[in-house]
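What follows is calculated from the coordinates using simple rules that are stated; it is not laboratory data. Only a predicted model underlies this, so the values are computations on that prediction, with no experimental measurement involved. Cβ atoms come from the backbone with ideal geometry, glycine included; neighbour counts cover every protein chain shown.
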């Protein structure tokens, strides 16, 4: 049993009631002015239902999203590129025609998706947030994007990110700084900050991000949305601009667990264009999303939850710790048994991650030489063409990681850095495996803090790197993890969301989705719609 | 679509391997068009001519012989073999030598952002075949690594290769030196065989103002075969390279064509006084486009290095890469190697490990064809001379032709002579391979039998042979069609002899008067009468008897 020594300030646990629900109250005017908000619906399933029953049209739906997107975008800057209205509406019209003619439509029909700008789209620029790839248009769609389109989804635009996914605030974008919809003076997290902010502010229904060291989960936590990092190999990386190939995965953002799960279902599967994609069977995630009315009083009876001790220690905001402990209490109310588990290798993850990610990125970014594509700086000599194109094309964070990686791979240093980090990775992998043999899921915060101020850590890379402590281990172990909002911390106009992370066994996303869904549907009193759009979002 | 992403590299000061390239950019302009010399398309499976030995037919110079009394060269060879797979190593683009630049490219081999490699399994199969053929130990678990360096022909900024765990290692190859160089058997060690991808090509325009990148070749699978430093002479090195070519052709994994760059040899060479254990400073020689250039470049390099040592200027031999200049017949400095290049190898994260099962390896082992060394030993045991053995086993198709001829019952020595003589000469003149001539081994066997059995004369046999090679058909058919059966009937020949003598009384008188040279005249007349069909032995015997009868 967990001790709950600390008194949660914004999150009160109602002890064991038959309703197995947890009140999530905070003092913001939004929450108090509203009645008890309903659990988040699946936007995807709702959309499908209303489209197929002709209650609404894809065109109307698209218009309302585009309207909200254009209205909020000047404050948020979450998109680097938004598809022209007519392009989006044309696709919606085609869908409406199909529905009218009773033709089959895909599971994501009419769903407006934001795609992180490091995922290739043949009809939109794909800059990866870098000046070097300004105006670069790939000749092909990433496999995940292709699958989305085949499922009937409409790509509404490309979302902002830290350059090449390297950063935790989205301030590292070469183009713009994205604001957190909960507090425009704060960062949305990163590197998939644009996708997280866009889903949070209902600029699109769901979004794709990428997660190399927490780039889906930490911004999901900062923006109060659901972020799903699949098992390495579950989703094809083909068309994802590589940062660190052995860690990169494409992940999903949704405003509900169901949406994130349905999105994952659409993009999962083996791909002949990615040798590291898995042939493991894909579960029907949608079957996990039972209605709250059909839940038993203890729907998670018998599940064992391990709370990672090292993630609730010094260096983690006490309010975050309180929120997580309350979330664990809620899981216990739902029937889980929770206990603390120690992963002694946990703290080794951060240095190992930064070495491996830097090494791989130094290699992956070698192709940006200005010869074949991207911005080229004329030079009298080959070396100056290379040097100047890269010097002017890359931002400082990217350069720093290339330098670190190049150094760590150099002759004489390889054993001390790269090889050692790989050994650490093996240890971490094993410690997670052992823990997950004992527990169904492991729990930790998604980040040591809630969203911080824009500029706060910009000149302190080590502080920013330290913020990744909760997430990098999961990438090193290649495991799936689900982050979902569980409460609020004081700050901003309406409080700042806190996310907690559930880590599962490899290729067992369905268990995470099932637990996440039940947790989310039974979490009472919380609305994770930011004040920016609360008045109009559905 | 992809092509418009390309742009040219321009260089102001072009040299064959420019140390620097000046590069300009033209928006939207396609710079990858080929310069004036538009090349015709050639299939990868180009004609493999039955080559007569490509090894130089010249005596080593007196100077070299003198030098080699006091010094020995230590030579190792790195061979790059381009695999004749239908598609490239990591994408589905085909590769056709000589195709228009950048017409066989895709996001993967162009190294576009987000593209990933997926290994072509035929590459592994070829590597295993070559590894087994070179008597190597195979690594049942190997991996790919990234070799990192910047060059405009390397789209990803790294080459996918194998570093510390090559797929095959510790092998050897047996060779027989050509008779004209004294012959002899040698065994050279193979250090390793590994898989990697080829780079693209830089095309330098005539005026040297800019360079262009052609990525057709980028991503084409290669095997790098590294020998032990076991060779001592240019001839040994050339023969080693020739044996590698034979092997890959026997195995069908590559066309082994040196001119097209399907087989590329880089030679490492140092010299040392005989008896010295330590190696001298080694020099790498590139741009060797034939076996004879391998041999000649080594001879040149031995003399150059020894001269420096003899002149007390051994320090002039430096760790460097030198280029063989075919026109000038010399090596020149290409680039100095200042310290070891740091390629920052690390395991390729985009590709899973390469795991071979014992069953897979055994399956390939059992499917290997007879290899050149085994073939040579078998031919030798048939009683053929080493000269014949080396010729017949040189080309896998010629060897197969020979074997099939023997299988049809032909005499070994006669079959060898026909193939090495008239047939080889014809193929050389007509620039045809043994598979392209119309003659079948069965018909060659029939031809040999017909001559041996006396049905036709050797002379007629030759005529038929050319007909068979050019137009095909059967020996029996041609003999019948052209009424070529040899006349061996004594009385019939006697009749013709009598007639000819009777028709030429003047010449007969002169002959009997002592002008015996006229025997040839009579023989010629008789052959003319019989259209060459008279058996020459019988004819001459009867003719002589008749000519000398009244003397």
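Using alpha-carbon positions, what is the distance between the centroids of region B:315-382 and region B:128-204, in Å?
Between the Cα centre of region B:315-382 and that of region B:128-204, the gap is 3 Å.
Mind jotting down the distance between the C-alpha centroids of region B:397-460 and region A:432-458, whole Å?
Cα centroid to Cα centroid, the span is 79 Å.
Give me the extension gain from residue B:358 to residue B:209: residue separation times 0.36 nm, minus the current Cα-Cα distance, reported in nm with one decimal.
48.2 nm
Starting from the eigenvalues of the Cα gyration tensor, five times each then square-rooted, give me the equivalent ellipsoid semi-axes of region B:125-200, largest first, whole Å.
31, 17, 9
Give me A:464, A:470, B:386 sorted ascending by neighbouring Cβ count inside 10 Å, so fewest comes first.
So the ranking, lowest neighbour count to highest, is B:386, A:464, A:470.
Among DSSP beta bridges whose residues both lie in chain A, state the antiparallel percentage, nearest 5.
Working: 30 of 48 bridges.
Approximately 60 percent, going by the DSSP bridge assignments.
Averaged over its residues, how many other protein chain Cβ atoms are within 10 Å of peptide B:104-111's Cβ atoms?
That works out to 3 on average.
For the protein assembly as shown, what does the helix formula give at 222 nm: sum of -39500 (n - 2.57) over DSSP H segments with n ≥ 4, over the residue count, nearest 500 deg cm²/dmol?
Helices in the protein assembly as shown give a 222 nm mean residue ellipticity of -11000 deg cm²/dmol.
When only C-alpha pairs under 8 Å and at least 6 residues apart count, what is the relative contact order of chain A, in percent?
Answer for chain A is 21 percent.
Using only the alpha-carbon atoms, how far is helix B:234-251 inclined from the longest principal axis of chain B? Give it as 0 to 90 degrees, nearest 10.
That works out to roughly 90 degrees.
Could you let me know the centre-to-centre spacing of region B:490-551 and region A:314-385, using Cα atoms, in angstrom?
Each part reduced to its Cα centre gives a spacing of 104 Å.
For residue B:232 and residue B:86, FRET efficiency with R0 = 56 Å and r from the beta-carbon atoms, rounded to 0.05? Before the final figure, lay out each step's value.
Values: r = 40 Å, r/R0 = 0.71.
Using R0 = 56 Å, I get an efficiency of 0.90.
Between residue B:366 and residue B:516, what length comes free when the chain is fully extended (0.36 nm per residue of separation minus the Cα-Cα distance, one decimal in nm)?
47.4 nm
Show me the three semi-axes of the equivalent ellipsoid for region A:208-264, from the C-alpha gyration tensor (sqrt of 5 times each eigenvalue), largest first, rounded to whole Å.
Equivalent ellipsoid semi-axes, largest first: 19, 13, 8 Å.
If you count, for each residue, the other Cβ atoms within 10 Å and average over each peptide, how do B:354-365, B:129-140, A:482-493 line up from highest to lowest?
A:482-493, B:129-140, B:354-365
Does region A:277-365 come out rounded, prolate or oblate, given a ≥ b ≥ c as the square roots of the eigenvalues of its C-alpha gyration tensor, rounded meaning a/c under 1.5 and, failing that, prolate meaning a/b above b/c?
oblate
Classify region B:283-410: rounded, prolate or oblate, from the alpha-carbon gyration tensor (a ≥ b ≥ c, eigenvalue square roots; a/c under 1.5 rounded; otherwise prolate if a/b is larger than b/c)? Can you show the working numbers first?
Details: a/c = 3.33, a/b = 1.41, b/c = 2.37.
In terms of gyration-tensor shape, oblate.
Taking the Cα of residue A:434, stepping 7 Å toward and past its beta carbon, and measuring to each backbone N in region A:336-351: which are under 12 Å?
Those under the cut-off are A:342-346.
How big is the antiparallel share of DSSP beta bridges in the protein assembly as shown, given as a percent to the nearest 5?
Antiparallel bridges make up about 80 percent of those DSSP assigns within the protein assembly as shown.
Distance in nm between label sites at residue A:407 and residue A:53, each 7 Å beyond Cα in the beta-carbon direction?
Inter-label distance under the simple model: 6.1 nm.
Multiply the residue separation of residue B:170 and residue B:431 by 0.36 nm, subtract the distance between their alpha-carbon atoms, and state the gained length in nm to one decimal.
90.1 nm
Highest mean first, what order results for A:406-414, A:264-272, A:108-116 on Cβ atoms within 10 Å?
Those peptides, ordered most packed to least, come out A:108-116, A:264-272, A:406-414.
Per-residue Cβ counts within 10 Å, from other chains only, averaged over A:231-237: what number is that?
Across the residues of A:231-237, the mean count of other-chain Cβ atoms within 10 Å is 1.
Given axes a ≥ b ≥ c from the Cα gyration tensor, I'd like to know whether region A:111-216 is rounded (a/c under 1.5), prolate (a/b larger than b/c) or oblate.
oblate
What do you get for the angle between helix B:536-547 and the principal long axis of chain B? Use alpha-carbon atoms, 0 to 90 degrees, nearest ten.
Orientation of helix B:536-547: about 30 degrees from the principal axis.
Shielding by partners for B:347-355, please: the mean number of other protein chain Cβ atoms within 10 Å of each residue's Cβ.
Neighbouring Cβ atoms belonging to other protein chains average 4 per residue here.
Quick one: of the DSSP bridges fully inside chain B, what percent are antiparallel, nearest 5?
Looking only at bridges with both residues in chain B, the antiparallel portion is about 90 percent.
For chain B, find the longest principal axis of its Cα atoms and tell me its angle to the long axis of helix B:490-503, 0 to 90°, nearest 10.
Its long axis makes an angle of about 70 degrees.
Show me the ranking of peptides A:177-185, A:428-436 by mean Cβ neighbours inside 10 Å, starting with the highest.
Final packing ranking: A:177-185, A:428-436.
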